[in-house]
Amino acid sequence: MQSRSPRLADPGSTEPGAARLSLLYAVVFVEIGIAMPFMPVWLNALGLDARVIGALLALPIAIRIVATAPLMGLIDRGLSARRLIVAGSLALAATYALMPAGATVGWWVLAVLIALNAVAGASLVPSIDYLTLAAVRASHRLDYARIRMAGSIGFLAASLAGGLLLDAFGERPAIPWLLTGLAVIAALTAIAARVPTPVAVAVTRETGRPRLPAVLWIAVAAAAAIQASHGAIYAFASIHWGAHGISAPWIGVLWAIGVVAEIVLFWLIGRAPAAWRTPFRLIGIGGAAAVLRAVGMALFGDRLGPVLALQLLHGFTFGATQLGAMAAVSRFAPEGARGRAQGTFSSCNALASAVSTLMSGLAYAAGGGILAFLLMAPLALAGLLLASLGQRRAGREAFTTPRL
């Protein structure tokens, strides 16, 4: 039986659940928006060797690759997603609070705390995605794109405000204190929000563990490849722009443009024709934009004007790909395996991004930004081709699970 047509957005999302889920996204992404750009600053302020800093920053990526899917699988076994968010946030707060003391003992203690911190945080965003997708399936008034947009706004606000906070309080004490407070706020928000938690379908010995269908694996692979094509941009764009005379304030503007483009897409996607909001169509749009962006960065990444235009593509390369992937998880994941499907996507995404970042580092060392950015084009193209394959596969199969 074919399910109803896919829906990513309905501009009339006014139910209380939308505001609660939006608040959860905003709080968690504010925390991420401080940790991602400023944890390296804090580690550097400790006077650690650059090689140690690199290893400490790589550790959370490795942890997320192996920890996310098993943690999310606990939801399919009956653990509440909201409890997972609360427990993870409290564990984050504890590890952040201990990091300054741990750093005084030695970098190896700090490494243990960072590893525990990564385990605690691995399931936060996938758990909120799980709750949001379940809410959207249950109510036609809710809108995943508009709800998820709150996370992007929170990240942008945190990135812009973080520098001011560091100037006011100093690098060494401010970052762990700030992140500890934000993690506690996230836990309290999850407790107070009382977001309805779907009851996972019990997996018995007779029914067995549901398998993820091949079409979902295609969607996961396609989205992971496209998201991985951001590796060179995330790691080396600022360095490349600065080396070609683009000033630091303009570099900040360029990053802000990318996030704003993502926010605009989340806001407007509901107005697009339904035919353009199917899972693989959205992923394909993201892949095509990612190919264009990678080639454009290789050819024109040293000039401010073209780069301003290329950064607008982030709304599609990240935003459309993310929406398509979530639509695929919602539509194709079987009951009893939705948590595992959400975690599998996050783990595969982290693995692909880690590999592409390492590849881009080798390419940048060998041939500079041109080679590094150009190397991302085949990844994006692979995602686009997989999306085309998935579109054909989905068209031949019938699914009883509701679409997003």
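The values are calculated or read from the model by the stated rules, or taken from the named source; none is laboratory data. Bear in mind the structure is a predicted one, so any value in this text is a computation, not a measurement. Cβ: placed from backbone, ideal geometry, glycine included. Neighbour counts: every protein chain shown.
Before moving on, here are some points about what is shown:
Each row is one residue, and each column tells you yes or no for (1) among the hydroxyl-bearing types (Ser, Thr, Tyr); (2) assigned to a helix (DSSP H, G or I); (3) buried (at least 21 other Cβ atoms within 10 Å of the Cβ); (4) at pLDDT below 85.
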| position | (1), (2), (3), (4) |
| --- | --- |
| SER13 | yes, no, yes, yes |
| PRO37 | no, yes, no, yes |
| LEU59 | no, yes, no, no |
| GLY78 | no, no, no, no |
| ARG83 | no, yes, no, no |
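- Look at the stretch 91-109: where a residue is closer than 21 Å to ALA183 by Cα and a partner is assigned to a helix (DSSP H, G or I) and acidic (Asp, Glu), sitting 6+ places away or on another chain with Cβ atoms under 9 Å, you get LEU92/GLU31.
- Residue within the stretch 379-391 that is among the polar types (S, T, N, Q), under 24 Å from GLY270 (Cβ atoms) and touching a Leu at 6+ places or on another chain (Cβ under 9 Å) present: no
- Any chance ARG64 is under 18 Å from the mean Cα position of the chain (by Cα), closer than 29 Å to ALA333 by Cβ and assigned by TED's automatic domain parsing to the domain that holds TYR130: yes
A quick yes/no check of all residues on (1) among the polar types (S, T, N, Q); (2) modelled with pLDDT under 85:
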position	(1), (2)
ARG194	no, yes
ARG211	no, no
SER229	yes, no
PHE266	no, no
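- Of all the criteria given as (1) buried (at least 23 other Cβ atoms within 10 Å of the Cβ); (2) more than 27 Å from HIS244 (Cβ to Cβ), the one not satisfied by PRO334 is (1).
- Filter result for GLY361 (in a helix (DSSP H, G or I) and outside the structural domain of ARG146 (by TED's automatic domain parsing)): yes
- Members of the stretch 144-177 that are at pLDDT 85 or above and over 18 Å from the mean Cα position of the chain (by Cα): PRO176
- Residue in the stretch 205-219 that is acidic (Asp, Glu) and assigned to a helix (DSSP H, G or I) present: no
- Check on ALA94, modelled with pLDDT of 95 or more and of a type outside the set (D, E, K, R): yes
- Cβ pairs under 6 Å, 6+ apart, first in the stretch 379-404 and under 23 Å from ALA354 (Cβ atoms), second among the aromatic types (Phe, Trp, Tyr) and modelled with pLDDT of 90 or more: ALA387/PHE280
- Within the stretch 383-396, considering residues that are surrounded by fewer than 19 Cβ atoms within 10 Å (Cβ to Cβ) and aliphatic (A, V, I, L, M), the one nearest to GLY286 (Cα to Cα): LEU385
- In the stretch 107-137, the qualifying residues are those that are hydroxyl-bearing (Ser, Thr, Tyr) and assigned to a helix (DSSP H, G or I), and the one that is surrounded by the most Cβ atoms within 10 Å (Cβ to Cβ) is SER127.
- For ALA288, the requirement of being under 20 Å from the mean Cα position of the chain (by Cα) and either part of a helix (DSSP H, G or I) or over 19 Å from ALA380 (Cα atoms) (or both) is met.
- Look at the stretch 334-347: where a residue is aliphatic (A, V, I, L, M) and a partner is modelled with pLDDT of 90 or more and outside any loop (DSSP other than H, G, I, E, B), sitting 6+ places away or on another chain with Cβ atoms under 8 Å, you get ALA341/LEU216; ALA341/VAL329; ALA341/PHE332.
- Between ARG331, ARG340, ARG293, the distinction of being in the same structural domain as ALA224 (by TED's automatic domain parsing), at pLDDT 95 or above, charged (D, E, K, R) and assigned to a helix (DSSP H, G or I) belongs to ARG293 only.
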